[in-house]
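The values are calculated or read from the model by the stated rules, or taken from the named source; none is laboratory data. Computed from a prediction, not measured in an experiment: that's the story for all the values here. Heads up, the Cβs are rebuilt from the backbone with ideal geometry, glycines too, and the neighbour counts pull from every protein chain shown.
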């Protein structure tokens, strides 16, 4: 069994995920089965595939999903009931408007596609993907800059703590010095007073 991957998703992997999910929709399968198939192919968990689809990929393929659902509905026999696990997709299908732009979409071959199927996407989806990719790079740059600022902040805190310790030590040393000087002054006054008293006593 190959180890489960946790690295970032590549463009090819996103396309494979989209192609497999759309195929399962067209054939009346479930998304869960699609996620499991993609997980086996890419050495990822089905949960990771589902999260990637719902968080980043699904919105880019709304037109293709609508077309796949139309194709599935055309292939259904009259009076055939919807599978229980597909009820959510069917409700969404009733609420989703059709998009004629899909019919004009350019075919795009996915690397290592299953059964040599083609995935259709629109130019608008490509531009949206590139825009999101650019924003993701900016977010990564901002995160890196934030980490650097955190490190610098920690260094400054460490230096401040060190300076406070030095200040405390110097304050204690200064007080000790003042105490010694006070004792020396008092001793000097005591000796001077004794010298003044002793000559008078001898007289």
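For region 16-59, a tally of residues being under 21 Å from the mean Cα position of the chain (by Cα), surrounded by 17 or more Cβ atoms within 10 Å (Cβ to Cβ), touching a residue at least 40 places away in the same chain (Cβ under 8 Å) and closer than 23 Å to residue 122 by Cα returns 3. Restricting 191, 166, 136 to those that are at pLDDT below 85, within 49 Å of the chain's Cα centre (by Cα) and either surrounded by 10 or more Cβ atoms within 10 Å (Cβ to Cβ) or assigned to a helix (DSSP H, G or I) (or both) reduces the list to 136.
At least 2 residues being modelled with pLDDT under 50 is the threshold, and among the helices (runs of 4 or more DSSP H) wholly inside region 37-101 those reaching it are 87-95. Tallying residues that are modelled with pLDDT of 90 or more and outside any helix (DSSP H, G or I) within region 1-27 yields 3.
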